[in-house]
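Here is the structure we will look at.
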Amino acid sequence: MEEITLTGGTLVNNHGGHKHGSDCQHCADHPGPPPAEMGDMSPSLDDIVGASIEEIMKSLSTLLRFGRFEAVQPLLEKIKNERGSDEILQVLRATDDGGHTLLHWASKRVDDSRFIRKLVEMAVELKATDVLNAASSDNVGMRPLHWACTEGSIPHVALLLKSGADVEAKDSSGCTPLLIAAQYGQVEVVAYLLQNGANIKAVDTSRDSALHWAAYKGSIQVCGLLSYYQKLDWTTQDAYGQTPIHLAALRGHTTVVHYILENLEKKDILFQKDKNERTPLDLAIHKKRPTVEAVLREAMTELEDPRAYFLKQTLLSNLKECTSLKTWKYWMGFTAGMDESIRPSKFPYYFMIFNYVVHIFMFSTIFAPFHNPGKGIMWDLSGWLMWNFFVTFGSWYFFYKAVTTKPGYVDTSLPTVEKWTQMYAQTLESFADETFVQNNDLQLCHTCQIVRPPRSKHDRVSGKCVLLFDHFCPFVDNTIGLYNYKYFYIFLCFMTSALFSHAITLYIYLKRYTKTESMPWGLFLMGVEVCLCLLPVGGMFLYHTQLSMVNLSTNEHINLKKYHYFFPKKANGKKHYKNPWFKGVVGNFNERMNPSEKSYVLPADYQGLLEKSDEIV
């Protein structure tokens with residue numbers, strides 16, 4: 001079966017001796033350890049010590065893979081003491097039936113670092129650094145360091161490097177640990193290796209760099225980290241003439257394709273062909289990647305004919321979107337989001353504008369016909385009409401503010417952005433420190449190259465991190481965050497009032513009109529269409545009222561358990577919900593309507609509580 005691979009070939013589904021994708025031998029040839037239950041172990045310890053090197057290796061490998069450190073440690077010591085250093089060296093260098101050493105399997109046991117510490121300690125003591133760099137005898141030829149990189153364990157990687165493992169060791173396909181870490185999307189390990197001397201420009205036997213691999217695997221975080229160092233070029237071709245965007249296209253990674261396009265100053269690469277005379281679009285079509293195909297077609301159309309691109313974006317794409325049930329669920333907030341969507345449709349935004357126009361038309365020409373006062377049948381309710389005008393004008397104004405006000409991007413527009421960028425640089429630099437301890441509390445955004453402030457999130461629409469990210473609202477065509485949430489909330493309040501008032505006004509008007517005339521069905525249908533918007537808008541208003549009362553964002557409410565600062569640990573190890581920004585109902589409303597740095601920075605006493613509770617646990 002014909003298959004396009006990372007190398008760009010269409011003859012066979014392999015390159016450099018191993019397969020890629022779901023068949024990747026890097027993945028398949030070293031499965032994780034089995035459950036840590038083994039049953040009775042036989043023969044006895046003395047029998048194992050007296051067995052052949054092959055039998056000893058087999059027993060140790062089984063014990064290690066089942067997590068039996070209490071049996072592995074005394075067995076190693078007993079072999080060393082009774083059979084001597086040469087014998088234990090033979091054991092450390094021996095391979096199992098799959099061609100892997102004990103240190104390979106220990107590198108996979110990130111759940112228990114005692115295995116790798118013991119084996120490395122013995123190798124260093126016996127001055128056998130070759131054990132640390134031993135390649136597996138299978139067709140992949142990975143080293144223990146490669147295996148540790150697949151697991152994303154910085155402590156394992158650090159121990160191996162410090163003890164003498166080669167940071168530039170290559171497997172049979174020429175992949176260094178850096179390339180393996182990029183393949184597996186282990187962005188923190190990539191950063192650690194780079195800070196400890198790994199060659200960022202290293203390539204495998206097919207001249208694929210870490211950037212090629214990250215694009216092929218769809219890791220936008222690794223792509224962002226590598227671009228931070230500004231030493232790799234998005235236009236670099238591998239041995240098969242393929243650039244990172246070729247690889248992302250053939251694998252169907254829409255978000256990576258978007259990211260690459262945003263970071264390319266010259267987009268001529270869209271028309272660049274590989275050695276098989278295929279552009280990124282050709283690869284997407286061949287591999288049946290419809291979303292990537294649409295993205296690339298739009299980008300190419302925009303370059304070739306901006307007017308045709310505008311027509312397609314404003315008309316054709318919006319007509320297609322409005323007929324999708326899945327899309328409507330997303331617009332109404334019934335689904336979490338569509339990360340692989342092409343671009344947020346402007347149809348909901350135009351829908352809002354259309355309804356506003358219909359609303360104003362009905363009010364100014366039918367309910368309160370200022371151009372022909374004699375046709376008005378509701379002038380006796382002038383106070384009610386003034387109220388309608390007030391709430392309608394208010395909803396218009398705050399709709400405009402919600403659309404045009406930036407949510408609060410963590411970029412150069414933020415006065416304190418330098419603080420977060422410096423923290424990012426310092427965190428990466430700290431990876432080179434021998435005393436480095438991985439801090440999982442720091443949320444690094446490698447796309448924006450910042451340490452992400454609490455309560456913020458990377459917004460895929462704008463491509464930036466947003467302070468106190470709430471959600472992207474297609475009806476106002478803007479991301480809602482720290483600085484425009486108040487306008488969005490007040491807009492919902494006024495819009496709900498305006499629609500409710502419109503429904504009452506329509507009822508009164510039709511009741512009076514039908515006393516002397518037949519039912520004006522055109523007016524009735526227009527009025528009902530506007531009134532139906534009351535259900536979703538009113539529902540959103542009630543939902544956000546509840547959120548504001550407890551000082552939570554939509555994102556936090558949906559993904560509450562993802563944020564550790566809402567669940568400080570207690571002495572008994574249990575997590576209990578606690579909102580560090582809760583200030584009572586009135587205080588919560590005040591903070592959402594008057595945002596500041598205090599709205600997202602953790603209080604000092606609460607930060608201390610988190611650190612103290614983590615120490616207890």
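Taking Val167, is it at pLDDT 90 or above and out of contact with any Gly (no Cβ under 6 Å at 6 or more places or on another chain)?
no
Return the pair list, or none, for Cβ contacts closer than 6 Å from residues in the range 283-295 that are within 14 Å of Ile245 (Cβ to Cβ) to residues that are charged (D, E, K, R), at least 6 apart or on different chains.
Once the first residue is within 14 Å of Ile245 (Cβ to Cβ) and sits in the range 283-295, its partners that are charged (D, E, K, R) give Ala284/Glu293.
Collect the residues in the range 413-429 that are free of Cβ contacts under 8 Å to residues at least 24 places away in the same chain and more than 22 Å from Leu226 (Cβ to Cβ), keeping them in residue-number order.
Hits for the range 413-429 are Ser413, Pro415, Glu418, Lys419.
Given (1) surrounded by fewer than 16 Cβ atoms within 10 Å (Cβ to Cβ); (2) modelled with pLDDT of 90 or more; (3) under 30 Å from Gln443 (Cα atoms), where does His544 come up short, assuming only one miss?
With respect to (1) surrounded by fewer than 16 Cβ atoms within 10 Å (Cβ to Cβ); (2) modelled with pLDDT of 90 or more; (3) under 30 Å from Gln443 (Cα atoms), His544 is out only on (1).
Answer with yes or no whether Thr496 is surrounded by 19 or more Cβ atoms within 10 Å (Cβ to Cβ) and outside the structural domain of His557 (by TED's automatic domain parsing).
no
Do we find a residue being over 28 Å from Ala294 (Cβ atoms), outside the structural domain of Gln426 (by TED's automatic domain parsing), crowded, with 23+ Cβ neighbours inside 10 Å and under 18 Å from the mean Cα position of the chain (by Cα) anywhere in the range 259-279?
no
Taking into account only those residues within the range 449-465 that are touching a Cys at 6+ places or on another chain (Cβ under 7 Å) and part of a loop (DSSP other than H, G, I, E, B), which is surrounded by the fewest Cβ atoms within 10 Å (Cβ to Cβ)?
Arg452
Those residues that are modelled with pLDDT under 85, assigned to a helix (DSSP H, G or I) and over 13 Å from Val257 (Cβ atoms), I need them from the range 275-309; list them, please.
Of everything in the range 275-309, those that are modelled with pLDDT under 85, assigned to a helix (DSSP H, G or I) and over 13 Å from Val257 (Cβ atoms) turn out to be Thr301, Glu302, Leu303, Glu304, Pro306, Arg307, Ala308, Tyr309.
If only one of Tyr330, Tyr400, Tyr409 is among the aromatic types (Phe, Trp, Tyr) and at pLDDT below 85, which one is it?
So the residue among Tyr330, Tyr400, Tyr409 that is among the aromatic types (Phe, Trp, Tyr) and at pLDDT below 85 is Tyr330.
Could you list, in sequence order, all residues of the range 466-488 that are farther than 18 Å from Pro348 by Cβ and assigned to a helix (DSSP H, G or I)?
Hits for the range 466-488 are Tyr485, Lys486.
How many residues are among the charged types (D, E, K, R) and crowded, with 24+ Cβ neighbours inside 10 Å when one looks only at the range 197-237?
Matching residues across the range 197-237 total 2.
Has the range 572-582 got any residue that is part of a helix (DSSP H, G or I), at pLDDT below 95, within 29 Å of the chain's Cα centre (by Cα) and at negative phi? First the steps, then the outcome.
Here is the first cut: in the range 572-582, the residues part of a helix (DSSP H, G or I) are none.
Checked the range 572-582: no residue is part of a helix (DSSP H, G or I), at pLDDT below 95, within 29 Å of the chain's Cα centre (by Cα) and at negative phi.
Can you pull out the residues in the range 361-391 that are surrounded by 14 or more Cβ atoms within 10 Å (Cβ to Cβ) and of a type in the set (S, T, N, Q)?
Listed by number, the residues that qualify are Ser364, Asn388.
Taking the range 573-605 on its own, how many of its residues are touching an Asp or Glu at 6+ places or on another chain (Cβ under 9 Å) and basic (Lys, Arg)?
Result for the range 573-605: 2.
If Gly522 satisfies all but one of (1) more than 16 Å from His359 (Cα to Cα); (2) more than 28 Å from the chain's Cα centre (by Cα); (3) among the small types (Gly, Ala, Ser), what's the number of the condition it fails?
(1)
The values are calculated or read from the model by the stated rules, or taken from the named source; none is laboratory data. Remember, it's a predicted structure, so these values are computed and weren't measured experimentally. Methodologically, a virtual Cβ is constructed for each residue, glycine included, from the backbone with ideal geometry; neighbour enumeration extends over all protein chains shown.
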